[in-house]
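The values are calculated or read from the model by the stated rules, or taken from the named source; none is laboratory data. Source: prediction; values computed, not measured. Note that each Cβ is placed from the backbone with ideal geometry, even for glycine, and that neighbours are counted across all protein chains shown. Ligands, DNA and RNA are excluded from the accessible area calculation, which covers all protein heavy atoms including side chains. Shrake-Rupley method; radii C 1.70, N 1.55, O 1.52, S 1.80 Å.
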Amino acid sequence: MIVSSYRMPGSAQANGEATWPKDVGVIALEIYFPSQYVDQAELEQFDGVSAGKYTVGLGQARMGFCSDREDINSLCLTVVQRLMERNGLSYDQVGRLEVGTETIIDKSKSVKTVVMQLFEESGNTDVEGIDTTNACYGGTAALFNAVNWVESSSWDGRYALVVAGDIAVYATGSARPTGGAGAIAMLVGPNAPLAFDRGLRGTHMQHAYDFYKPDMASEYPVVDGKLSIECYLSALDRCYSVYRNKIHAQWQREGVDKRFSLEDFGYMVFHSPYCKLVQKSLARLVLSDFLSHPRPNTETGPFSGLEAFREVKPEETYFNRDVEKAFMKASTEMFDQKTKASLLVSNQNGNMYTPSVYGCLASVIAQHTPQHLAGQRIGLFSYGSGFAATLYSLRVSQDATPGSGLDKICASLCDLKARLDSRRKVSPAMFAENMQLREETHHLAPYVPQGAVEELFHGTWYLTRVDEKHRREYSRCSLNDDLPLEAGLVNSTTATEQHIPSPVKKMPRLPASTAGPEAVTVSNGDH
């Protein structure tokens with residue numbers, strides 16, 4: 001319940017749920033990925049594996065990667081400032097900043113505190129939240145924290161900002177092509193075009209050593225590939241079952257007499273370690289719908305010809321090729337309609353860990369018009385090894401008119417494919433050299449990075465040096481070709497593409513700076 005002297009737009013004067021802010025969810029979304037990639041078909045040849053092992057077997061086409069000029073701090077600095085500039089926001093409008101990441105470069109100091117340097121000019125230091133870590137699930141936990149804050153008595157009327165970012169790298173071997181890198185920033189508040197379905201979360205938490213990072217001196221994880229797949233699929237089964245039970249209970253309270261199935265999702269997106277696992281995951285949900293249905297039609301429709309699998313036990317089918325093949329075939333049309341579009345970033349950039357499922361959400365938004373998305377329910381499955389998982393849903397606003405929140409978030413992502421295509425392709429040999437350089441230097445101090453700054457995207461924050469006390473300093477590339485390379489912070493009004501007002505109109509706005517671009521260098525602090 002929110003305790004307040006003002007009314008949120010659209011809220012009702014009533015007790016209980018009606019006093020909560022209306023339609024809390026994602027208002028704006030920004031994505032960042034590195035400016036360079038390696039082609040997976042070329043990597044197959046370089047690694048000496050069979051043709052199609054990465055491209056067909058894993059479903060991957062390209063893999064983005066960072067040079068030693070970028071780290072988790074710079075990724076988050078970049079995506080936060082880009083979101084703020086593109087949406088015409090001032091930093092005093094943010095009251096909570098949450099970071100989800102498993103890319104650890106400091107065992108004590110949070111990435112969030114580094115990102116707070118962007119807030120200094122505004123004078124806003126009253127910003128709650130810190131980092132959340134559990135493999136790829138940290139971004140989702142951070143998002144839930146933000147939503148819960150807005151819906152709580154702690155909320156002060158300002159936005160929450162959620163950042164999920166990671167650099168996914170693996171030692172030489174079969175896991176290396178499942179890497180990637182990137183960051184997502186999401187603005188959370190009321191009256192959102194992507195609103196959370198309140199009370200509809202199915203969560204499963206359990207202990208397993210499927211993927212973990214016990215070596216503090218290495219970026220590389222320890223991976224039990226087979227166990228990891230089993231954990232992922234078992235978590236999916238259980239989360240979907242819990243979600244389905246909750247929505248059935250909700251519908252019963254509302255007097256709705258129907259069964260929930262995948263047909264009730266307009267789109268279904270997943271955490272994507274690699275694209276082929278996502279396709280298998282959708283098939284897994286079709287299996288769940290089939291087994292839970294009291295009288296499935298096996299003569300016609302999606303379940304036709306599946307009567308032989310009526311008595312299978314889900315926990316015994318994780319590696320059953322007959323079940324997998326049958327249900328992947330049965331789910332082909334549904335995959336094309338509800339999930340395939342979500343794999344654009346995953347296929348072209350690889351696994352981003354915590355931002356992965358939100359890169360899939362961005363991919364759906366980028367490839368559909370507001371009119372196509374309006375009113376849809378989007379299911380999201382988030383998984384983090386170790387393991388933690390949740391399946392939940394967002395409801396897309398019905399308002400697709402020009403200038404609406406839905407229209408704005410679609411417009412902000414409409415250039416996603418063009419941005420992916422604008423990256424520079426790097427040879428597998430250069431990629432391998434880059435990975436070796438990261439392996440040898442990512443914890444060195446003092447250290448001056450060797451990567452070429454001019455090859456970064458405009459507006460990218462990058463590492464300039466690490467001093468003898470491991471303190472990191474950063475600068476920012478200019479936003480366009482007309483400015484010198486280390487132009488640093490610029491007045492946000494020069495880059496504004498749209499304006500999102502404060503959720504509380506009474507919130508003060510800082511006057512726009514009249515100063516021109518100036519060189520800015522930031523560090524990760526003295527403590």
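The label point for Asn297 and the one for Val222, both projected 7 Å from the Cα toward the Cβ, are 5.2 nm apart. Roughly what % of Cα-Cα distances in the range 142-183 sit above 16 Å, to the whole percent? For the range 142-183, the fraction of Cα-Cα distances above 16 Å is 56 percent. In the distance distribution for the range 310-439, Cα-Cα pairs more than 20 Å apart total 62 percent.
Within the range 331-377, the percentage of alpha carbon pairs spaced more than 16 angstrom apart rounds to 41%.
Put a plus charge on the Cβ of each Lys and Arg, a minus charge on the Cβ of each Asp and Glu, and nothing anywhere else: the dipole of the chain about its Cα centre is then about 1320 debye. Take every Cα pair under 8 Å whose residues are at least 6 apart in sequence, average their separation, divide by the length of the range 363-428, and the relative contact order is 36 percent. Cross-link pairs exceeding 27 Å between alpha carbons, from the set Lys112/Lys226; Lys112/Lys469; Lys53/Lys338: Lys112/Lys226. Grouping the Cα pair distances of the range 260-320 into 5 Å bins from zero gives a pair-distance distribution of 4, 15, 25, 24, 20, 10, 2, 0 percent in increasing distance order. In this calculation the C-beta distance from Lys469 to Gln436 is compared with R0 = 35 Å, giving a FRET efficiency of 0.85. Note on the range 239-370: Rg/Rh from C-alpha atoms, Kirkwood Rh, equals 0.98. What do you get for Rg/Rh of the chain when both radii come from the Cα atoms and Rh is the Kirkwood radius? Expressed as Rg/Rh, it is 0.96.
In the chain, excluding the sites themselves, the longest stretch lacking any of the chymotrypsin sites (Phe, Trp or Tyr not before Pro) that are in a DSSP loop with at most 12 other Cβ atoms within 10 Å is 7-318. Taking 25 °C and 0.890 mPa s as conditions, the range 30-166 diffuses translationally at an estimated 146 µm²/s according to Stokes-Einstein applied to its Kirkwood radius (Cα pairs).
Taking the protein heavy atoms of the chain in the context of the full set of protein chains, the accessible area attributed to carbon and sulfur is 50 percent at 1.4 Å. Quick check on the chain: of the DSSP beta bridges with both residues there, what percent are antiparallel, nearest 5%? Among the beta bridges of the chain, antiparallel pairing accounts for roughly 75 percent. Subtracting the Cα-Cα distance of Lys329 and Tyr212 from their residue separation scaled by 0.36 nm leaves 38.8 nm.
Label-to-label distance, Ser174 versus Asn480, with points set 7 angstrom from Cα along the beta-carbon direction: 5.1 nm. Take the Cβ atoms of His458 and Asp106, set R0 to 41 Å, and the FRET efficiency comes out at 0.90.
Taking all protein chains into account, the per residue accessible area for the chain stands at 42 Å² (1.4 Å probe). You can think of it this way: the chain between Ser50 and Asn148 has 30.5 nm of extra reach, that is 0.36 nm per residue less the Cα-Cα gap.
Under Stokes-Einstein, with the Kirkwood radius over Cα pairs as Rh, the value for the range 164-272 at 25 °C and 0.890 mPa s is 141 µm²/s. Stretched out straight at 0.36 nm per residue, the stretch from Lys313 to Ser427 would grow longer than its current Cα-Cα span by 36.5 nm.
Per the Cα gyration tensor, the range 66-136 maps to an equivalent ellipsoid with semi-axes of 21, 15, 11 Å, ordered largest to smallest. Dividing the helix sum by the residues of the chain, where each DSSP H run of 4 or more adds -39500 (n - 2.57), gives a mean residue ellipticity at 222 nm of -9000 deg cm²/dmol.
Site-free segments of the chain were taken between GluC sites (Glu not before Pro) in DSSP loops having at most 12 other Cβ atoms within 10 Å, sites themselves excluded; the longest one is 1-253.
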